Amino acid sequence: MRLSTRIGLAVGCAVPVLVLASGWLLLTLVGRDLHRAEDDHLRRRAAAAAVDARALLRASAGGRPRAVDSRERRLYSAALDVGIRVVGPDTVFSGGPQPDASVTLPDDARGPVTVREGRRGWRALSRTVRTPRASGTLWVFAPDTADRTQLLLVRRRMVLTALLAAPLSGLLAWGLATGATRPLRRLTRRTAGLDPRTSAARPRHEPTGVTEVDELAATVSMVLARYDEQAARAAGALNTARSFSSAAAHELRTPLMSMGTNLDILAEHPGLPGEDRAEVLADLRHEHARLLGLLVMLRELGRGDLVEAEAFQTVNLTEVADAAVAEARRRAPDARITLSAPPSLAVHGWEPGLRLLCDNLVGNALAHGQDAHGGAEVTVAVHDADGQAVITVDDRGPGVPPEAREKVFERFHRGPHSTGSGLGLTLVAQQAALHRGSVTVTQGADGIGARFEVRLPSAGGELPARRDWLSGTAGANRSQNFPKDRP
């Protein structure tokens, strides 16, 4: 059932009820006012006739016919426009309009009461009249105005009005509701054939001035926007999963084949000399460690591609760098690792990503920044520069040639003597881009080693619209997101 039809039926049922209720209340109040006026009139007439009624009863008790006639005429003259009846011990005097003598009167009617005579009603009031010789009751009567034909006619017309108001008010309400819901029907037509799964078209709503319709249109737009957002997230997650599986299948093939070859050697040559067997086992352990590291790095790349803005919060970069340095010292107790940082430096970022960035920078310096004697000396510094948080990691190794400084951040790029996965610095570049920052590599202090520098805006910003570091397309466009290497 349409809304306009529902409104028409509801109004068509409610209006007659309201008309009848209002009419009943009006008639009740009018009837009460008429009774009050009648009762006041009866009380005045009863007070005026009480003296003559008392004199009439004395004359009647004394056996004076002429006095009785005189007093009776005076009594009727005092009654004027009301009926009057005096009930004595042995006789009844009555005159004027009043109910028939056969109508039973109440025993005591000191207050005005209604007496019914068939379909006609009377207002009646009694007063006790006492004399030394006799006592009786004085009754005064007046037609009940509330029962008159005019009020009955009003009742009938009220019922007729209620019967006519039902269809008329229903039709009027239906017409008004049809006009009022026209903007809602237009909105329904615009959204009826909309399928957000197959079409990117979205309804454009123009304000109608009807608050409910405009709010509904805003809600529909918000729901569609959230659907688009969730669909984009789902598509991004699906692309990340595809990229993960593709990258994993491509990069895991070599270590798995190598491990398979070594296992075949062990299986086919049970009597392999101890020295050769130890070499094969060492190669297996190396490939196994490489395999685990590669899977961990691929997982972290996937997390970076899927992280959302809700995960970002205020992070103390000093504490993150301190934790990364402490972990590196635990893993490489022979290396010399120093940290220079203020007590607190806050940035808006994703804490796990910032920790991963610091861990990989320090780990890269420990792995590739060893001096000629095999020792590692790494200096980590955190400071604020022009509203940016700057992280620098210096080592004392051979450094990075100028022609390779862009390539070190590419996916699966490994140096000639590298044993890593080739994803450590790619993760650094990914996290820097995720935080709207930059990463560069230059020559180290005093022309020795390499310096990796990351600059992050303290206030953060919107996340990059496109992230696909697993597939390598985001890394290929890294030069668009990061400044060129400084000389």
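Every number here is computed from the coordinates shown, using simple stated rules; none is lab data. From a predicted model like this one, the values you see are computed outputs, not experimental measurements. Reconstructed Cβ throughout: ideal geometry from the backbone, glycine too, with neighbour counts over all protein chains shown.
Derived value for the range 19-170: Kirkwood hydrodynamic radius 17.3 Å. Basis is the mean of 1/r over every pair of different alpha-carbon atoms. So how far, in whole Å, is the C-alpha centre of the range 84-122 from the one of the range 356-385? Distance between centres, Cα-based: 121 Å.
Please rank W174, W139, W350, W24, fewest neighbouring Cβ atoms within 10 Å first, as an exposure proxy. Display every interim value, and only then the final one.
Values: W174 19, W139 26, W350 23, W24 12.
Least crowded to most crowded, the residues run W24, W174, W350, W139.
With Cα atoms defining each centre, the range 1-64 and the range 252-288 are spaced 115 Å apart in the structure.
Once divided by 2.2 N^0.38 Å, the Cα radius of gyration of the range 314-402 becomes 1.09.
Among 398-405, 381-388, sorting by the average number of other beta carbon atoms lying within 10 angstrom of each residue, highest first, gives 398-405, 381-388.
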